[in-house]
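Some notes on the structure that comes next.
The values are calculated or read from the model by the stated rules, or taken from the named source; none is laboratory data. Bear in mind that the values here come from a model prediction, so they are computed numbers and not experimental data. Here the Cβ positions follow ideal geometry from the backbone for every residue, glycine too, while neighbour counts run over all protein chains shown.
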Amino acid sequence: MRALDWEGGSDGAVAMVDQTALPGTLRVLSINAVDDMVAAIQRLSVRGAPAVGVAGAFGVVLATRAFGPSGPRLDDAIARLRRARPTAVNLARMVDRAAARIPEGFDAVLAEALAIRDEELAASVAMGVLGADLVLELVGPGPVRAMTICNTGGLASVERGTALAVIQTVHERGRLAEVLALETRPLLQGSRLTAWELARMGAPHRLLVDSAGPFMLARGQADVVLTGADRVAANGDTANKVGTFSLALGARHAGVPFIVVAPESTVDMTTPSGDSIEIEDRGAGEVVSVVGVATAPKGTNAVNPAFDITPAGLITALVTDQRVVRPDRHESLLPLPGAARDQPPAGRFTTNDIPAPTRRS
């Protein structure tokens, strides 16, 4: 199933899985106004860098239909979409890309948004194939025990995912022994969403407290760490869900490969390093309570960075939909021709590259 999609023609709406309701309820929202799209992005009904980029592009479609080809209301709507969440580069990039087609008319904007969606679908397949090939090369023969944080599946990227697409492809090849999924504080996206997606794909998995991840790596309980990224800086630093940096340190100590999986749409060659990435702080409410239940005394304040930065020097490999870059071999992240997915990808991978599932007895 797709985390979000456009349903209908010019009078259609965005159908979006409400990730805030999972795992208890599978609820699909129908969004046909810009205000509703901005609110959905901010409250994390849709999240994950690729999916948020697609949502932003669809938001421009809604804005163009509501406010016409120009004017202050259109400009304000596009500005609000761009700044709905600041850390992931995909949102602003895809909003700008769809907005660039506004002078050509509504149909052109809708076509661009659908093209962005299709590129992310193909990217998920490609990342799964390239990443699985790399994991099996690094780990060697035998079953693979993977560790991951946050949610990097189809919910985060329309279908299949980034890091979880790699895990799914390894599973489909019959090589996955287990996934240790960090529960991911404070919003429990690993517990609520990743565990839900792993269960749906039939992958063996256990949840793990965030702070136990580095220790479990030191005890040899995982063969590889796979994470996503919300932005990849030009020097190879990556921004991802807070807790990722600790896993990278633990992986380095344990000698375990640390692999970041993200589409080219997340690579931002205009951001020189992780020091230049704005880190979203989501306020105390998500820390002092869990799913609406208070876990700290009334009036307690908190620091709540949603992301952290992993330096390139701690990353074994960066897998995108078009390449594998190995910082551990001193490879640099050079811009591709047509830089940063301003053009459609080369089309090396399609859904035909997804192997048939291997059924276990």
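Table for the structure above
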{"item": "Selection count where residues are touching a Ser or Thr at 6+ places or on another chain (Cβ under 8 Å) and under 19 Å from GLY243 (Cβ atoms), scope the range 267-288", "result": "7"}
{"item": "Search result, residues across the range 154-180 that are touching a strand residue (DSSP E or B) at 6+ places or on another chain (Cβ under 7 Å) and of a type in the set (Ser, Thr, Tyr)", "result": "THR162"}
{"item": "Scope the range 86-133; condition of a type in the set (Lys, Arg) and touching an Asp or Glu at 6+ places or on another chain (Cβ under 6 Å); matching residues", "result": "ARG101"}
{"item": "Unmet requirement for LYS298, which otherwise passes all of (1) farther than 24 Å from PRO50 by Cα; (2) touching a Cys at 6+ places or on another chain (Cβ under 6 Å)", "result": "(2)"}
{"item": "Filter pass, ALA229 being at negative phi, hydrophobic (A, V, I, L, M, F, W, C) and surrounded by fewer than 19 Cβ atoms within 10 Å (Cβ to Cβ)", "result": "no"}
{"item": "Subset of the range 100-115 [closer than 12 Å to ALA57 by Cα and of a type in the set (D, E, K, R)]", "result": "ARG101, GLU112"}
{"item": "Top-ranked residue of the range 294-312 - restricted to ones that are of a type in the set (A, V, I, L, M) and under 18 Å from the mean Cα position of the chain (by Cα), ranked as modelled with the highest pLDDT", "result": "ILE309"}
{"item": "Selected residue [β-branched (Val, Ile, Thr), buried (at least 18 other Cβ atoms within 10 Å of the Cβ) and touching an Asp or Glu at 6+ places or on another chain (Cβ under 8 Å)] from THR152, THR184, THR148", "result": "THR184"}
{"item": "Segments classed as helices (runs of 4 or more DSSP H), wholly inside the range 7-123, with at least 2 members that are under 19 Å from the mean Cα position of the chain (by Cα) and in contact (Cβ under 8 Å) with a residue 40 or more places away in the chain", "result": "34-42, 49-67, 89-99"}
{"item": "Single residue of the range 291-316 satisfying the filter (part of a strand (DSSP E or B) and touching a helix residue (DSSP H, G or I) at 6+ places or on another chain (Cβ under 6 Å)) that is surrounded by the fewest Cβ atoms within 10 Å (Cβ to Cβ)", "result": "ASP308"}
{"item": "Filter result (more than 26 Å from ALA312 (Cβ to Cβ) and either over 19 Å from the mean Cα position of the chain (by Cα) or assigned to a strand (DSSP E or B) (or both)) within the range 173-187", "result": "ARG173, GLY174, ARG175, LEU176, ALA177, GLU178"}
{"item": "Those residues of the range 199-225 which are among the aliphatic types (A, V, I, L, M) and closer than 27 Å to ARG282 by Cα, in sequence order", "result": "LEU207, LEU208, VAL209, ALA212, VAL225"}
{"item": "Any hit, the range 223-235, residues being more than 21 Å from the chain's Cα centre (by Cα) and in the same structural domain as HIS330 (by TED's automatic domain parsing)", "result": "yes"}
{"item": "Verdict on ASN240 being crowded, with 21+ Cβ neighbours inside 10 Å, in contact with a Ser or Thr (Cβ under 7 Å, 6 or more places away or on another chain) and closer than 24 Å to ALA123 by Cβ", "result": "yes"}
{"item": "Sole exception among (1) assigned by TED's automatic domain parsing to the domain that holds PHE258; (2) closer than 28 Å to ALA39 by Cβ; (3) more than 22 Å from the chain's Cα centre (by Cα) for GLY161, by number", "result": "(3)"}
{"item": "Filter pass, GLY48 being under 22 Å from THR270 (Cα atoms), crowded, with 18+ Cβ neighbours inside 10 Å and in contact with a Cys (Cβ under 9 Å, 6 or more places away or on another chain)", "result": "yes"}
{"item": "Any hit, the range 265-279, residues being in contact with a helix residue (DSSP H, G or I) (Cβ under 8 Å, 6 or more places away or on another chain), within 26 Å of ARG93 (Cα to Cα) and in a helix (DSSP H, G or I)", "result": "yes"}
{"item": "Pairs with Cβ under 7 Å, 6+ apart, first in the range 257-286 and surrounded by fewer than 20 Cβ atoms within 10 Å (Cβ to Cβ), second acidic (Asp, Glu)", "result": "SER273/ASP237"}
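Residue-wise test of (1) touching a Pro at 6+ places or on another chain (Cβ under 8 Å); (2) among the small types (Gly, Ala, Ser); (3) buried (at least 24 other Cβ atoms within 10 Å of the Cβ).
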site	(1), (2), (3)
MET1	no, no, no
THR20	no, no, no
LEU44	no, no, no
ALA63	no, yes, yes
ASP75	no, no, no
ALA79	no, yes, no
VAL95	no, no, yes
